[in-house]
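Structure record follows, encoded as structure tokens.
The values are calculated or read from the model by the stated rules, or taken from the named source; none is laboratory data. Note that the coordinates shown come from a computational prediction; the quantities given were computed from them, not determined experimentally. Neighbour counts are summed over all protein chains in view; Cβ atoms, including those assigned to glycine, are modelled from backbone coordinates with ideal geometry. Heavy atoms of the whole protein, side chains included, go into the accessibility calculation; ligands, DNA and RNA do not. Shrake-Rupley method; radii C 1.70, N 1.55, O 1.52, S 1.80 Å.
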Amino acid sequence: MKITVAVTDGPAQPLRLAEATIGEPQPGELLVRLAGTGVCHTDAMAAAGKMPFPLPGVLGHEGAGVVESVSAQGFAPGDTVVLGWPWCGQCRNCYAGQPRYCVNLPSLLFGGKRTIHLTDGTPLHGGFFGQSSFATHAIVDARTAVKVNTSLPLEAIGTLGCGFSAGAGAVLNNAKPAPGSSLVVYGAGAVGLAAVMAARLTPATTIVAVDRNPQRLALAAKLGATQTIDVNGIRNVPRAVREACGGPADIVIECTGQEKVIRQAIETIGMLGVCCLVGTGDPTTELRAHQQSTQWGRSIRGCMGGEGQSHTLVPALLTLAEQGRFPFTELIGYIPPAEALTAAAAGEIIKPVLQMETYI
Ligand SMILES: [Zn+2]
Ligand SMILES: [Zn+2]
């Protein structure tokens, strides 16, 4: 069938609209008409050639929409779905209930299978994160689709598929603050602000947001941070954060992926503290820390995509949002394709969303 896609040609090039064709869903797959797709940091990194996804291709991995045709059990045309991360369902980690760490994840995220063709027959790399949802339609593995029934706008909720889940899940699935904990979030973008909103839902009593952007820190305070620290002009950031916590922090959620900030995050935690690394850095980023950083029971651990399962995390976050307890839609701004990959870095919009139907 004919669809419209936003093509990524290569580094420093804006998304380009193009007519294309896509096949029929194969057994176990769904065809989804997309209502909206969030733009995640990983899309910009892939477009810049910093992810192992071949270009030209179609990026996009925070889609939500309506099922149009079905070749899988458990779905019907008209179902509304949020597209989560892919998982194979047949490896030891999937069987262990950890699909976010599916051993086949690299090929499922970045394999770049060629199911989309331009109208002149040129194949494009697709299947980015199992979806390539910078398009009017996507064919996805039914395992990745989370059926939802919500009063929130469908075009907004695909954003729960990656970035917001990554931040919220790091707090709710990985760090799990104990009563009275101090929790620090380095980086108040979409992922970090999701972590702040999630932290407010826990018994952590000190929630500190750290960033260099005053507008984002003001948002963090509105969304649940009990204190904020603007790093501009501060020479010893870990010391300032520890002072805000009344001592070394119990938990740090590091969302920037930047070498210098990761080191600050590690130096912020104290005995039995946990530094949870969520942000994705440039592939050349190295992690350097004092060997003693892990003494006194400290942990430095990676956390992918918020861990847990999209099928439990996404519906929970949706319900919390409907209750006014996880107001992620306040962070969304709608953008045209040409601005999709630069909008978040420009800083005006925390979570850009592309509505392809608007541009057909
Ligand atoms: Zn697997
Ligand atoms: Zn993402």
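If you go through the range 27-50 and keep only what is over 19 Å from Gly84 (Cβ atoms) and surrounded by fewer than 22 Cβ atoms within 10 Å (Cβ to Cβ), you end up with Pro27, Ala44, Met45, Ala48, Gly49, Lys50. Taking the criterion of being free of Cβ contacts under 8 Å to residues at least 12 places away in the same chain and not in a helix (DSSP H, G or I), the only residue of the range 324-360 that qualifies is Gly324. Among the residues making up the range 138-167, those that are away from ligand 2 (no atom under 16 Å from the Cβ) and part of a loop (DSSP other than H, G, I, E, B) are Val148, Asn149, Thr150, Ser151, Leu152, Pro153.
Consider Val58 carefully, then state whether it is more than 19 Å from Ala343 (Cα to Cα), among the aliphatic types (A, V, I, L, M) and either surrounded by fewer than 22 Cβ atoms within 10 Å (Cβ to Cβ) or in contact (Cβ under 8 Å) with a residue 24 or more places away in the chain (or both). Before the answer, list the steps.
Working: more than 19 Å from Ala343 (Cα to Cα): no; among the aliphatic types (A, V, I, L, M): yes; either surrounded by fewer than 22 Cβ atoms within 10 Å (Cβ to Cβ) or in contact (Cβ under 8 Å) with a residue 24 or more places away in the chain (or both): yes.
No, not satisfied.
The single residue among Leu83, Leu55, Leu109, Leu30 that is of a type in the set (A, V, I, L, M, F, W, C) and within 16 Å of ligand 1 (Cβ to nearest atom) turns out to be Leu109.
Find the residue count for the range 5-21, including only residues that are outside any loop (DSSP other than H, G, I, E, B) and open to solvent by 10 Å² or more (accessible area, probe 1.4 Å).
Number of matching residues: 5.
Among the residues of the range 292-315, which ones are free of Cβ contacts under 8 Å to residues at least 40 places away in the same chain and open to solvent by less than 50 Å² (accessible area, probe 1.4 Å)?
First, pick out the residues of the range 292-315 that are free of Cβ contacts under 8 Å to residues at least 40 places away in the same chain: 292-300, 302, 312.
Those that are free of Cβ contacts under 8 Å to residues at least 40 places away in the same chain and open to solvent by less than 50 Å² (accessible area, probe 1.4 Å): Ser293, Gly297, Ser299.
Scanning the range 101-117 turns up no residue that is over 21 Å from Gly28 (Cβ atoms) and assigned to a loop (DSSP other than H, G, I, E, B).
On inspection, Cys88 does not qualify as open to solvent by less than 10 Å² (accessible area, probe 1.4 Å), of a type outside the set (Phe, Trp, Tyr) and over 16 Å from Ser133 (Cβ atoms).
Does Ala96 fit the bill of being of a type outside the set (Phe, Trp, Tyr) and away from ligand 1 (no atom under 16 Å from the Cβ)? Outline the logic, then answer.
Working: of a type outside the set (Phe, Trp, Tyr): yes; away from ligand 1 (no atom under 16 Å from the Cβ): no.
No, not satisfied.
State yes or no: is Gly84 closer than 24 Å to Val39 by Cα, within 15 Å of ligand 2 (Cβ to nearest atom), assigned by TED's automatic domain parsing to the domain that holds Leu15 and in contact (Cβ under 8 Å) with a residue 40 or more places away in the chain? For Gly84, the condition - closer than 24 Å to Val39 by Cα, within 15 Å of ligand 2 (Cβ to nearest atom), assigned by TED's automatic domain parsing to the domain that holds Leu15 and in contact (Cβ under 8 Å) with a residue 40 or more places away in the chain - is met.
A quick yes/no check of all residues on (1) in contact (Cβ under 8 Å) with a residue 12 or more places away in the chain; (2) open to solvent by 10 Å² or more (accessible area, probe 1.4 Å); (3) farther than 21 Å from Thr159 by Cα; (4) aromatic (Phe, Trp, Tyr):
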{"residue": "Pro99", "(1), (2), (3), (4)": "yes, yes, no, no"}
{"residue": "Gly112", "(1), (2), (3), (4)": "yes, no, yes, no"}
{"residue": "Leu118", "(1), (2), (3), (4)": "yes, yes, yes, no"}
{"residue": "Gly126", "(1), (2), (3), (4)": "yes, no, no, no"}
{"residue": "Ser132", "(1), (2), (3), (4)": "yes, no, no, no"}
{"residue": "Arg143", "(1), (2), (3), (4)": "yes, yes, no, no"}
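Candidates are the residues of the range 61-76 that are in contact with a strand residue (DSSP E or B) (Cβ under 7 Å, 6 or more places away or on another chain) and of a type outside the set (A, V, I, L, M); the one that is most open to solvent (accessible area, probe 1.4 Å) is Glu68.
Hey, can you tell me all the residues within the range 120-137 that are within 16 Å of ligand 2 (Cβ to nearest atom) and not small (Gly, Ala, Ser)?
First pass over the range 120-137, keeping only residues within 16 Å of ligand 2 (Cβ to nearest atom): 127-134.
The answer is Phe128, Phe129, Gln131, Phe134.
Given the criteria assigned to a loop (DSSP other than H, G, I, E, B) and either closer than 15 Å to Leu109 by Cβ or in contact (Cβ under 8 Å) with a residue 40 or more places away in the chain (or both), does Gly65 qualify? When the stated conditions are applied, Gly65 does not pass them.
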